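**Student:** One structure follows; several queries about it will come next.
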Amino acid sequence: MGACSAAVSADSGHNTLVFDIDTEKIAAFASLDKTRIESYLHEKELAEMCAQHADHLRFTSDYQEVFAFLDTCDAVFMCLPTPEIGETGESNLTYYTAAAEQLAVALAKRNGGAQQKYVVIVNKSTVPIDMIDMTKELLMKAGVTNFGVVSNPEFLVEGKAIEGSIRPDRVVVGAESEQDFGIMRNIYNRFYTSSTVGYLEVSPKEAAAGKLLANYYLFSKLAQCFDVIGRTCEAFDDVTFENVRSIITADKRISNWGFYNSLYAGGSCLIKDARSLSHQLQTAGKVSSLVNETYLANKRQLELFLSRPETEAGFDWQGKTVALLGLAFKQDTNDTRNSPSLDIVRFLQEKRVKEVRLYDPVANDMFGMDFPASEQLVYMADIRSATMHADVVIIATDWPQFRQVAEVLLALPEKNALIMDGRRMLQHRYDELQKAGFSLIAVGSPFLGITNN
């Protein structure tokens, strides 16, 4: 979300320089062309905000510009990926360390080597709780002086990052000195003086821990919903997920967030952060079984969903044509990281299906980087072409337009496909679809076969 943070920084009136080693991405953002920007990051209002504040915002892949900028800048935000190493839970800090080491060399040379300008290094990335110690050690080793290190995690929702950046529910700043807090208050003055934003000043380690724990808690709520509540509704006839949800969320003590039944909780943050938390707890000699079970429940959900056609409907995948609707991990983004469709395609290939027709409103190109088009994998331009003559229709992403899939299916000449609703997008049409000749497997429902009345 570095680009979103930069755009909002410029919107706040700050002169902002964005550096990245990906020259093509930087060229796309520097062009201020909406289509080119959204091909990399599909975020509502991002391109427009970049263009609106072009006088305060510059994109570069030339590090010489960074050198010059460091002489006068107040803060450097570190917005680097910190992916999990395999399935160990340990964060891969290669990108962060490489960027920090390059930055350290430049910082030591600022102001002609005098370093009289104080600067804060801001960890925006989700990093280990004790990362501040590593960052300070790395900088001091390179001879950097007159600096501070701040933890300032972001709590943005993909697809709504600009809205969340302009109107955040809270801003968390973790610092060790009043000087560092003062610089951050100036950067975030619009939020520090706001009566509607929770501006929280804590220690750097508290800020880092708060980010990991918040994402774990959200992840656990999702997993409990589909692994317990949804599974109960799948086990009994005449127990409708939506009605059960209404009963539970009527209790004012229970927040209604997270009561979405889904085939999988994907994305770049929840899984990675929960695994990182588990790894750090175990490294510290603490129990992390509940965190681990949340991760396993998520994996189990997708595995069970994909097994249901064979176990409940006696279905044979081999030689079938499958329409896979939704390639992004969620609506309003083209991000395919940890998308359930990645594992679904692998599963379908193992089952030797004849053809997989893939469609997403914005993520076809991004998904194609992992799964290029082939004789078996065909990217489609719309829902109707994807579902025509399909033996199975899988809804994997909660795009609002997929609520109209029932209309498309009911208009097809052949009405005998197996519908797999991984998001309960068609819940309001299940009876009608069954009567028309479709059978359904939906998260949160028992197997729904064809009915004759």
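**Student:** Could you pull out the pairs from Lys25/Lys109; Lys136/Lys211; Lys124/Lys160; Lys286/Lys330; Lys205/Lys330; Lys221/Lys351 whose alpha carbons sit more than 23 Å apart here?
**Tutor:** Over 23 Å Cα-Cα: Lys25/Lys109; Lys286/Lys330; Lys205/Lys330; Lys221/Lys351.
**Student:** Further question on the same structure: When averaged across all projection directions, what area in nm² does the alpha-carbon convex hull of the chain cover?
**Tutor:** 23.5
**Student:** Still on this model: Determine which lysines satisfy two conditions relative to Lys435: a Cα distance under 18 Å, and not lying fewer than 8 residues away in the same chain.
**Tutor:** Lys415
**Student:** Continuing with this model, one more query. If Rh is defined by the Kirkwood formula over all Cα pairs and Rg also comes from Cα, what ratio Rg/Rh do you get for the range 1-63?
**Tutor:** Looking at the range 1-63, the ratio lands at 0.91.
**Student:** At a Förster distance of 35 Å, what's the computed FRET efficiency of Thr196 paired with Ala51, Cβ-Cβ distance as r, to 0.05?
**Tutor:** 0.80
**Student:** Then there's this: Mind giving me the FRET efficiency for Ser39 and Thr232? R0 is 45 Å, r the Cβ-Cβ distance, nearest 0.05 is fine.
**Tutor:** Once the sixth-power term is evaluated, E becomes 0.60.
**Student:** Sort 185-197, 56-68 by the packing proxy (mean of other Cβ within 10 Å over each peptide's residues), most packed first.
**Tutor:** Answer by packing, highest mean first, reads 56-68, 185-197.
**Student:** I'd like to compare 113-120, 369-376: which one has the highest average count of other Cβ atoms within 10 Å, and what's the full order after that?
**Tutor:** Descending packing order for the listed peptides: 113-120, 369-376.
**Student:** Note down the magnitude of the dipole of the range 398-453 about its Cα centre, charges +1 on Lys and Arg C-beta and -1 on Asp and Glu C-beta and zero elsewhere, to the nearest 20 debye.
**Tutor:** Numbers: 6 positive and 6 negative charges, 13 e Å.
Using only the charged Cβ atoms, the result is roughly 60 debye.
**Student:** Tell me, how many Å apart are the Cα centres for the range 256-312 and for the range 144-191?
**Tutor:** Measuring centre to centre over Cα atoms gives 29 Å.
**Student:** Fewest to most neighbouring Cβ within 10 Å: what's the order for Ile37, Ile254?
**Tutor:** Ile254, Ile37
**Student:** Now, a different point. May I ask for the distance between the Cα centers of the range 1-56 and the range 388-431, given as a whole number of Å?
**Tutor:** 37
**Student:** Let me ask you something else. From the convex hull of the Cα coordinates of the range 371-453, what is the mean projected area in square nanometres?
**Tutor:** 5.9
Each reported figure results from applying straightforward, stated rules to the coordinates on display, with no laboratory input. The structure presented is a predicted model; accordingly, all values stated were derived computationally and were not measured. So basically every Cβ, Gly included, is an ideal-geometry build from the backbone, and we count neighbours across all protein chains shown.
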